[in-house]
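Have a look at the structure below before the remarks.
The values are calculated or read from the model by the stated rules, or taken from the named source; none is laboratory data. Quick caveat: nothing in here was measured; it's all calculated off a predicted structure. Heads up, the Cβs are rebuilt from the backbone with ideal geometry, glycines too, and the neighbour counts pull from every protein chain shown. For accessibility, only protein heavy atoms count, side chains too; no ligands or nucleic acids. Shrake-Rupley method; radii C 1.70, N 1.55, O 1.52, S 1.80 Å.
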Amino acid sequence: CHIIIDNSSSMHYPELKDNQSFYENKIGFSVLASAVLMNLLKKQRDAVGLSVYSDKYEYYAPEKGSDRHHRMVLNALENLLEKPKTQKSTDTITFLHQIAEKIHRRSMIILFTDMFIDQDNEKLFSALKHLKHNKHKVVLFHVFDKKTELNFDFDNTPRKFIDMETGEEVNLFAENMKVSYEKVVNTYFESIANTCASYKIKYVPVSVNENFEKIL
């Protein structure tokens with residue numbers, strides 16, 4: 001099994017308050033889910049590898065099953081919980097192609113990402129298809145915050161929205177945009193689900209507001 005985690009700045013949303021647990025944002029949720037899956041795989045004596053990317057290929061560990069290797073990968077996961085110091089965009093397409101080339105033995109590939117990718121959808125799905133070569137089984141966990149990123153649930157006070165990856169800002173009343181926002185996002189989610197289905201990629205949308213049952 002090879003686990004892939006998107007560590008772009010948008011994955012560190014929502015910003016956690018002091019009384020919140022680390023797994024209540026997207027990166028923390030993905031890290032804890034990965035650690036749980038690693039534990040299950042270890043009990044099955046399956047080898048586990050890890051790739052982490054953002055605007056660069058941040059970390060790679062090939063698939064191994066030793067205790068030392070598991071400790072090393074868990075330490076790498078823990079390091080992802082640090083707050084990003086810079087705005088990091090996502091170069092998903094480039095690194096999915098690179099990761100696909102690294103995995104030679106038939107594997108299960110698990111990808112955690114929020115799919116907020118400012119790139120050509122056709123190229124993105126081509127990269128996902130590349131992960132399927134050599135008869136790999138691919139599972140895409142689409143991680144998001146359902147309350148705000150899907151339902152756009154904000155009170156109707158004027159707000160400043162800031163893109164975590166580019167720093168771009170926009171001021172607006174959320175209620176004025178709610179209907180059109182939800183329509184666009186739901187259409188995008190449906191296109192991802194349909195494309196994954198056509199490529200026989202298991203697509204699992206998971207909100208950080210939910211438990212880990214769907215993942216397990």
- Message: Taking all protein chains in place and a 1.4 Å probe, what share, in percent, of the accessible surface of segment 62-216 do carbon and sulfur account for?
- Response: 51 percent
- Message: So with the 1.4 Å probe, I'd like the accessible area per residue for the chain, rounded to whole Å².
- Response: 55 Å²
- Item | Fluctuation leader among GLU175, GLU149, GLU63 - the chain, Gaussian network, Cα springs under 10 angstrom | GLU175
- Item | In Hz, Karplus ³J(HN,Hα) per residue of segment 91-107 (6.51, -1.76, 1.60; θ = phi - 60°; x = Gly, Pro) | 10, 4, 4, 4, 7, 5, 5, 5, 5, 4, 6, 7, 9, 9, 7, 4, 9
- Item | Of the trypsin sites (Lys or Arg not before Pro) in segment 1-109, those whose Cβ has at most 15 other Cβ within 10 Å and which sit in DSSP loop | LYS17, ARG45, LYS56, LYS85, ARG105, ARG106
- Task: Give me the number: length gained by fully extending THR166 to GLU15, i.e. 0.36 nm times residue separation minus the C-alpha to C-alpha distance, one decimal in nm.
- Result: 52.7 nm
- Task: Could you state how much accessible area HIS104 has, in square angstrom rounded to the nearest 10, with a 1.4 Å probe and all protein chains kept in place?
- Result: 140 Å²
- Message: Of the candidates ILE162, ILE103, ILE117, which one comes out as most mobile in a Gaussian network treatment of the chain with C-alpha springs shorter than 10 Å?
- Response: ILE162
- Report, by chain and number, residues whose modeled amide H sits under 5 Å from the one on ASP153, excluding near sequence neighbours (fewer than 5 apart, same chain). THR148
- Task: With springs only between Cα atoms under 10 Å apart, run a GNM on the chain and tell me which of GLN98, GLN87, GLN20 wobbles the most.
- Result: GLN20
- In percent, what relative contact order does the chain have, based on Cα pairs under 8 Å that are 6 or more apart in sequence? 22 percent
- Separation of the THR148 and ASN176 label points, Cα + 7 Å toward Cβ, nm: 2.0 nm
- Message: I want to check the label-to-label distance for LYS123 and GLN98. Put each point 7 Å from Cα in the C-beta direction and report it in nm to one decimal.
- Response: 1.5 nm
- Message: Can you give me the angle between helix 26-43 and the longest principal axis of the chain, using Cα atoms only, in degrees from 0 to 90, rounded to the nearest 10?
- Response: 20 degrees
- Query: Near the amide H of VAL206, under 5 Å away, which other amide H atoms are found, from residues 5 or more places off or on another chain, if H is placed in the peptide plane?
  - Reply: HIS142, VAL143, PHE144
- Note on the structure: Whole-percent tail of the Cα-Cα distance distribution for the chain, cut at 26 Å, equals 34 percent
